[in-house]
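What follows is a single structure, written as structure tokens, with notes after it.
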């Protein structure tokens, strides 16, 4: 059993240590997607993940997959692609386009068959757009040499933590280029942790650590406070200008 939270009340998430082991991290249901609820959740390492026509579900998985300045690395193949890249990588230049592209990418089940539906519902899109207008949600965009958006990702930035949410690629490796170019900039500007939530083969190439709940939440409490790291609008420019 998980707790049900009333949407007309103030955010009152249960203690994260009671999250289910199967499915990993399921903590509570209900509540709403207002900035008050979402920011309270992220400060505690909790995030929403659910499908349309179902209640809002809140998650806090353990162990937690994170990338830190010490663990981060760029895979050799991605490094080569980045050196040949002729477009540019930007910050917060097309948030709405990025989140809509993430919502409509083709997803597959574990057996390789097409997956139906998306967790990036219209309500999720609207909620994160509000956070973006507040300066709490960010997007990283990958543009090709002719100025077309070909990949990127979006997430939340609180203090010195970036919480990654979703990526998309319309050309091969575009999201990996976006991450490979942006993560060093984040760390150079003082970000202490990039939260990837769960370990995936895609992100493990960049130096994921899997932290026990206590270690993750101790670091999180220290890192979400204070002014956010100041990030530039131009993250990376390739060999030719747009």
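In percent, rounded to a whole number, the relative contact order of region 81-212 is 24, using alpha-carbon pairs under 8 Å and six or more apart. Measuring r between the beta carbons of residue 7 and residue 118 and using R0 = 25 Å, the FRET efficiency lands at 0.70. Placing dummy labels 7 Å off each Cα toward the beta-carbon, the span from residue 68 to residue 214 is 1.6 nm. Annotation: Cα Rg of region 1-129 relative to the compact-globule expectation 2.2 N^0.38 Å equals 1.27. Rounded to the nearest 10 degrees, the inclination of helix 95-104 to the longest alpha-carbon principal axis of the chain is 70 degrees.
Tell me, in nm to one decimal, what length is gained between residue 54 and residue 17 on full extension, where the rule is 0.36 nm per residue of separation less the Cα-Cα distance?
Stretched fully, the residue 54-residue 17 segment lengthens by 10.9 nm.
Relative to the 2.2 N^0.38 Å rule of thumb, region 3-61 has a C-alpha radius of gyration ratio of 1.01. All alpha carbon pair distances within the chain were sorted into 5 Å bins beginning at 0; the resulting P(r) in whole percents reads 1, 6, 13, 18, 20, 18, 13, 7, 3, 1, 0, 0. Size estimate for region 166-242 follows the Kirkwood approach: the inverse of mean 1/r over distinct Cα pairs works out to 14.6 Å. Ordering 58, 49 by the number of other Cβ atoms within 10 Å of each residue's own Cβ, fewest first, gives 49, 58. Treating the angle as unsigned and between 0 and 90°, give the value, to the nearest 10°, between the Cα long axis of helix 213-223 and the longest Cα principal axis of the chain. Helix 213-223 sits at roughly 70 degrees to that axis. Packing, as the average of other Cβ atoms within 10 Å across residues, places the peptides 196-209, 127-140 in the order 127-140, 196-209, highest first. Peptides 86-94, 214-222, ordered by how many other C-beta atoms sit within 10 Å of their residues on average, highest first, read 86-94, 214-222. In region 21-95, the alpha-carbon atoms span a convex hull of 190 Å³ per residue. Straightening the chain between residue 171 and residue 222 buys 14.6 nm, computed as 0.36 nm per residue apart minus the Cα-Cα spacing.
No lab work stands behind these numbers, since they all come straight from the coordinates. Owing to the predicted nature of the structure, the values given are computational and were not obtained by experimental measurement. When we count neighbours, we look across all protein chains shown, and the Cβ atoms used for this are built from the backbone with ideal geometry, even at glycine.
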